[in-house]
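Structure, as structure tokens:
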Amino acid sequence: MWDRVIFVLVLLLGWQMGGTWLGPEQISTPWLVAGQLYRWVAEGSIGIHIGYTLLEGTLGFLIGGLPGLVLPLLLRRRPYLTAVLNPFIVVAYGLPKVAFIPLFIIWFGIGIWSKVALVASVSFFLVFFSMLEGVKAVDPRLLRMARVAGANEPQILWTIVLPAATPFAFQAVQIALPLSIGGAAVAELISSNRGLGYLVQSSAANFEITGALAAVTALTLLVALANVGVAAAERHLLAWQHKPTSNVEECGQ
């Protein structure tokens, strides 16, 4: 814990020294950035931009992430279909999503839905491939034993496959959710009149380095809070994995 605090303090100290040496018009300083954030909070303007970016990121994550969670479960018993779709999914994953922003603007307009479409296109693949690895990691011996015991497919899915794949799902969420928020801000850099990405773009266009860095700092804090929230949810929902189990030998004594 303290080593991380010390690391952050060293970074802030280096930033302050660099800003003092190069001047606030180059990289600003933590003190000036904090002052800009305070003014935005006092004015009440920063909350609107944070809420807009968070809404875009959350909607895009849900629209893209939920199919990414479900599709591997549907393909689990269809290896032929998986083999057919896999190369197309891999190619689509490798395409630069930012290059599609002009198309998303044409298709969905300059409002919120073009940003949501970009975020969904990113989060789907991140969640899909992680969930697919989780489904593949299920011990086949457990599946055979369950079938021998007379379990049907829905029972196998709920009692074996999903518990085994859940850690992979949380791993995907930990990666995809912060990237969804960041992806929404990237889309706002191109076309938006609200959001943290818009604040970065408008401040940089006016050569206001302090404002641009303040918006980036707010985005960083938002992503960090999302990470903390996902980690807390994972610890709570997967607490059963860390419960101590009785030792067979001790039971026999």
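Only the coordinates and a few stated rules stand behind these numbers; no lab work does. Keep in mind it's a predicted model, so treat the numbers as computed, not measured. A quick note on method: Cβ atoms are made from the backbone with ideal geometry, for glycine too, and the neighbour counts reach across all protein chains shown.
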Within a Cβ distance under 13 Å of residue 75, other residues only, what is the Lys/Arg minus Asp/Glu net charge? +3
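Give, rounded to the nearest 20 debye, the magnitude of the charge dipole that the chain has about its Cα centre when Lys and Arg contribute +1 at Cβ and Asp and Glu contribute -1 at Cβ. Can you show the working numbers first?
Values: 14 positive and 12 negative charges, 156 e Å.
Taking the Cα centre of the chain as origin, the dipole is about 760 debye.
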Three-way shape call for segment 37-97 based on the alpha-carbon gyration tensor, with the a/c threshold at 1.5: prolate
Between residue 152 and residue 228, the two model label points (7 Å from Cα along the beta-carbon direction) sit apart by a distance in nm of 4.6 nm
Identify, among 103, 236, 148, the residue whose Cα sits farthest towards the positive end of the charge dipole of segment 27-236, taking +1 on the Cβ of Lys and Arg and -1 on the Cβ of Asp and Glu, with the dipole about the Cα centre. 148
Could I have the simple spin-label model distance between residue 77 and residue 89, label points 7 Å from Cα toward Cβ, reported in nm to one decimal? 1.8 nm
Mind checking the dipole of segment 62-209: about its Cα centre, +1 per Lys or Arg Cβ, -1 per Asp or Glu Cβ, Debye to the nearest 20? 540 debye
Would you mind checking the tilt of helix 45-75 against the longest principal axis of the Cα atoms of the chain, expressed as 0 to 90 degrees and rounded to 10? 20 degrees
Dipole of segment 27-236, positive direction: furthest Cα of 50, 163, 37, with charges on the beta-carbon: 163
